[in-house]
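Peer 1: One structure is given below, represented as structure tokens, and several questions about it will come after.
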Amino acid sequence: MPHEHHAPPHARRARGAAAANDPFPIVEQVRDGLWSIPVPLPNNSLRYVLVYVFETDRGPYLIDAGWNTDDAYGALESGLKEVGSDVADVQGVMVTHIHPDHYGLAGRIREASGAWISLHPADAELIHDRYDEPADLLTAVAASLRRMGAPAEELDTLKNAAMPVLPLVDPVVPDVLLEDGARPEVPGWDLTAIWTPGHSPGHLCFYEASQDLMLSGDHVLPRITPNIPFHPQAGANPLRDFLASLDKLEPYEVDEVLPAHEYRFSDLRTRLEELRQHHRDRFAEVLAILRGGSSSAWDIASRMTWSRSWDDIAGFMRRAAVGETVSHLKVLEADGLVEVADGEPVLWSLTEKAG
Ligand SMILES: [Zn+2]
Ligand SMILES: [Zn+2]
């Protein structure tokens, strides 16, 4: 089953190691009263999401939850036991964004504990159309894929490529909406929500000021480049949003970054710059392809370099790859370097400014 939102085909690994060969992490103490619990992801190359547990005198507060599977729930349950706590005692679940591996299990935790669930409003408002009644969204996805130039014979497969994740999400409505700068009430800790749209329109990072920790969700991961696909729920220019959200973290003096996947790391600014450079390289690649003449996004995507050949990228991965190509085109368009001729497919070409 494809992951909803990281597309390994274009993952760039900073350190060369294959994530699949790394040992599965254990429950770890991050700081006094702060724990990391790996919660397994089903059939997924990322293998786990890291749930962070803040201990307080009222009970634990979580950042992110996991997929809604028995395995995930069991891992969270035993992880909490290991740190001397219990699912029933959870007071709050701060979800970084609505992707299934972060949000899917939140409802079940709330049922067991009465905890509140929080999200940024921009993600909260996508839940119904995405998870409860996705028929209209699927129609919009198909129309968008046709404009991108997807071949007719692949349309149905691509349109439905995210459907297998639906049963793994409990589409609950959050109790608390956290805007940019909000201070979720977690006694004894000094957390601030930082709105970092891009990977998802309502993605939140959390800064813990007493220990200088950045809980970065999927926004900044140590090796993988988060997928930033253009799609009907992504907003007008998701990659431009993402790049601005990288800049937004630049001022923070961070002792350690606590991401939702992979592993903790210390040098946030270096990683921010690597991510910017990755996208600069991709912009250059798109412009070079367009020097050969106007093209559909599908065409451009099929000629870009991925970590495997285009023919080996299928289903959700292919949709993510084309969506990510469009994201790059939208930034270049806003910068006046490419222009677009409406149609089916939409055709992209260089402007004079790019020449
Ligand atoms: Zn995600
Ligand atoms: Zn994720």
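The values are calculated or read from the model by the stated rules, or taken from the named source; none is laboratory data. Note that the structure is a prediction, hence the values are computed from the model and not measured. So basically every Cβ, Gly included, is an ideal-geometry build from the backbone, and we count neighbours across all protein chains shown. Each accessible area value is taken on the protein alone, full model and side chains, heavy atoms only, with ligands, DNA and RNA left out. Shrake-Rupley method; radii C 1.70, N 1.55, O 1.52, S 1.80 Å.
Peer 1: Within the stretch 294-304, count every residue that is open to solvent by 30 Å² or more (accessible area, probe 1.4 Å) and either among the small types (Gly, Ala, Ser) or in contact (Cβ under 8 Å) with a residue 60 or more places away in the chain (or both).
Peer 2: Matching residues across the stretch 294-304 total 3.
Peer 1: Another question, then. Assuming PHE316 fulfils every condition listed in (1) crowded, with 20+ Cβ neighbours inside 10 Å; (2) among the hydrophobic types (A, V, I, L, M, F, W, C); (3) closer than 20 Å to ALA354 by Cα apart from one, which condition is it?
Peer 2: (3)
Peer 1: Moving to a separate point now. Inside the stretch 48-127, counting only helices (runs of 4 or more DSSP H) that do not spill past its ends, which hold 3 or more residues that are among the aliphatic types (A, V, I, L, M) and open to solvent by less than 10 Å² (accessible area, probe 1.4 Å)?
Peer 2: Qualifying helices (runs of 4 or more DSSP H): 70-82.
Peer 1: So which residues in the stretch 63-83 are away from ligand 2 (no atom under 15 Å from the Cβ) and in contact with a strand residue (DSSP E or B) (Cβ under 6 Å, 6 or more places away or on another chain)?
Peer 2: Correct list: ASP71, ALA75, LEU76, GLY79, VAL83.
Peer 1: Still on this structure, please answer the following. With in contact with a Lys or Arg (Cβ under 6 Å, 6 or more places away or on another chain) and of a type in the set (A, V, I, L, M) as the only criterion, which of LEU329, LEU249, LEU290, LEU258 stands out?
Peer 2: When all the criteria are applied, what remains is LEU258.
Peer 1: State which residue is nearest to the chain's Cα centre (by Cα) when the search covers only the stretch 84-113 and only residues that are hydroxyl-bearing (Ser, Thr, Tyr) and away from ligand 2 (no atom under 11 Å from the Cβ).
Peer 2: SER113
Peer 1: Out of curiosity, is SER295 within 21 Å of LEU145 (Cα to Cα) and at pLDDT 95 or above?
Peer 2: Against the criterion (within 21 Å of LEU145 (Cα to Cα) and at pLDDT 95 or above), SER295 qualifies.
Peer 1: Now for a separate question. Cβ-Cβ under 8 Å, sequence separation 6+ or interchain: first residue in the stretch 266-279 and of a type in the set (S, T, N, Q), partner outside any helix (DSSP H, G or I) and at pLDDT 95 or above. Which pairs?
Peer 2: SER266/VAL254; SER266/ASP255; SER266/GLU256; SER266/VAL257
Peer 1: Given ARG58, ARG108, which one is closer than 29 Å to PRO197 by Cα and out of contact with any strand residue (DSSP E or B) (no Cβ under 8 Å at 6 or more places or on another chain)?
Peer 2: ARG108
Peer 1: Still on this structure, I have one more. From the list LEU177, LEU246, pick out the single residue that is open to solvent by less than 30 Å² (accessible area, probe 1.4 Å) and among the aliphatic types (A, V, I, L, M).
Peer 2: Selected residue: LEU246, the only one of LEU177, LEU246 that is open to solvent by less than 30 Å² (accessible area, probe 1.4 Å) and among the aliphatic types (A, V, I, L, M).
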